[in-house]
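What follows draws every value from the coordinates through simple rules; no lab data is involved. Because the structure is predicted, anything quoted here is derived from the model rather than measured. Glycine gets a Cβ as well: all are built from the backbone with ideal geometry, and neighbour counts include every protein chain shown.
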Amino acid sequence: MALWSGWKRAAETVRARVADEIAVETGLSDPDFGVLTRVVEDGGGAMRQNQLAESMGYHRSRLSHHLSRMEQRGLIARRPVSGGVEVVATEAGRESVARARPVHAAAVRRYLLDPLTEAERHALTAMLDRLSSRR
């Protein structure tokens with residue numbers, strides 16, 4: 001139980017600190033950043049909404065509500081395509097994620113990498129790879 005609690009506490013703490021820095025510097029919430037990085041970086045600027053929901057682990061209705069708020073803020077647009085909907089990053093969305101990337105990188109370095117030695121980083125990476133590959 002101590003391992004499980006420590007894992008959750010560490011993961012939640014690091015993630016919250018990184019998300020807070022992105023929000024303060026760019027105004028993007030953690031879900032905003034998740035959507036935009038996937039659409040811009042993985043999708044080349046556009047991605048089918050059902051694929052985006054799957055990649056984020058979101059139920060389609062939850063993602064749809066969030067996309068509506070992002071659309072109102074001018075970060076994304078949605079357009080019908082054959083058999084579904086495509087999410088497109090607007091210029092404002094692309095600029096926002098470009099501003100957020102260096103903030104994200106610096107925060108990950110500060111809260112995840114810097115506190116660990118190189119040997120600890122390698123060991124943790126190996127352990128996480130092993131855990132994520134198990135079914």
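Results, tabulated for the structure shown:
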item	result
Under 5 Å, built H, 5+ apart or other chain: amide partners of Arg48	Val87
Least to most buried among Thr37, Thr13, Thr117 (fewest other Cβ within 10 Å first)	Thr117, Thr13, Thr37
Convex hull projection area averaged over all views, the stretch 1-104, Cα basis, nm²	7.3
Exposure proxy ranking, count of Cβ atoms within 10 Å, fewest first, for Ser96, Ser82, Ser64, Ser5	Ser82, Ser5, Ser64, Ser96
Mean Cα-pair separation over length for the chain, i.e. relative contact order, pairs under 8 Å, 6 or more apart, %	27
